[in-house]
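Take a look at the structure set out below.
Only the coordinates and a few stated rules stand behind these numbers; no lab work does. These figures come from a predicted structure and were not determined experimentally. Reconstructed Cβ throughout: ideal geometry from the backbone, glycine too, with neighbour counts over all protein chains shown.
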Amino acid sequence: MNDLATQLHSAVVSGMFTLVASLTGALLALFGVALTAFFTSRNNNKNVFINTVTVERAKWRTEMRNTIAEFCRVCYEQLEGPTKINIPKLQELRILTKLRLNPDQKHELDAAIMVSAANVIDGLVSSQRALVISNLQILENKVQELLKQEWDKSKTEAKTGKVTKTKECGWIACKLCSLFERKRPMSN
């Protein structure tokens, strides 16, 4: 009888050990799956965010480039021909440019672009050819600098997976950053 009790006790202990080991293994596996799902989701959210910002920056650069090229084309046409100055078209292009820039005066390139665009229009209206040409050159150079700055940010963000948030941050990127950070869980 003693052998039977020992065998029964041994079987129960062995069964309990197997049950505990199985439950521990299942819990560890579940924890591993949950952890993997969490990090995968976080990485996917980050990738979607970075891709969205990168795509929006590319669109912004293209729109900015096209708007400024059109503005300059209209200005040079005005300088070269005896046609009436197309102020509504120039104002439209100036406003489209303004709406793509950061209104904060701390953004020196953005502010310089707007001052140059206004000076160009003023120069055309007052028939000051030298003022128009010098401000068109300033405008072209400042926009070129801004586009290069934004391109460099996009390259860095694509390489590092982190959105650049600096005082020189482009208007569209800053707005996208704040929008996405409110909607997504905190991540590094």
**OP:** For every helix of n ≥ 4 consecutive DSSP H residues, a contribution of -39,500 (n - 2.57) applies; sum these over the chain, divide by its total residues, and give [θ] at 222 nm rounded to the nearest 500 deg cm²/dmol.
**Re:** -30000 deg cm²/dmol
Original post:
Label points 7 Å out from Cα along the Cβ direction at Val12 and Ser126: separation in nm?
Top reply: 10.3 nm
Subject >> Modelled FRET efficiency - R0 22 Å, Ala111 with Lys148, Cβ distances, 0.05 increments >> reply: 0.80
Original post:
Counting alpha carbon pairs within less than 8 Å and at least 6 residues apart, what relative contact order, in whole percent, applies to the stretch 46-183?
Top reply: 34 percent
**OP:** Go through the stretch 31-39 residue by residue and turn each phi into a ³J(HN,Hα) via Karplus (6.51, -1.76, 1.60, θ = phi - 60°); whole Hz please, and just put x for glycine and proline.
**Re:** 4, x, 5, 5, 5, 4, 4, 4, 5
Subject >> Hypothetical label at Ala118: residues of the stretch 143-162 whose amide nitrogen lies under 18 Å (7 Å Cα-Cβ projection) >> reply: 143
Subject >> Burial ranking of peptide ranges 21-31, 47-57, 109-119 (average Cβ count within 10 Å, highest at the top) >> reply: 109-119, 47-57, 21-31
**OP:** May I ask for the distance between the Cα centers of the stretch 90-162 and the stretch 38-82, given as a whole number of Å?
**Re:** 13 Å
Subject >> From phi via Karplus (6.51, -1.76, 1.60), per-residue ³J(HN,Hα) for the stretch 104-115 in Hz, x at Gly/Pro >> reply: 5, 5, 5, 8, 4, 4, 4, 5, 5, 5, 5, 5
Subject >> Rounded to the nearest 20 debye, dipole of the chain from Cβ charges on Lys, Arg, Asp, Glu >> reply: 160 debye
Original post:
Comparing Leu90, Leu79, Leu35, which has the greatest mean-square fluctuation in the GNM of the chain with Cα pairs linked when under 10 Å apart?
Top reply: Leu35
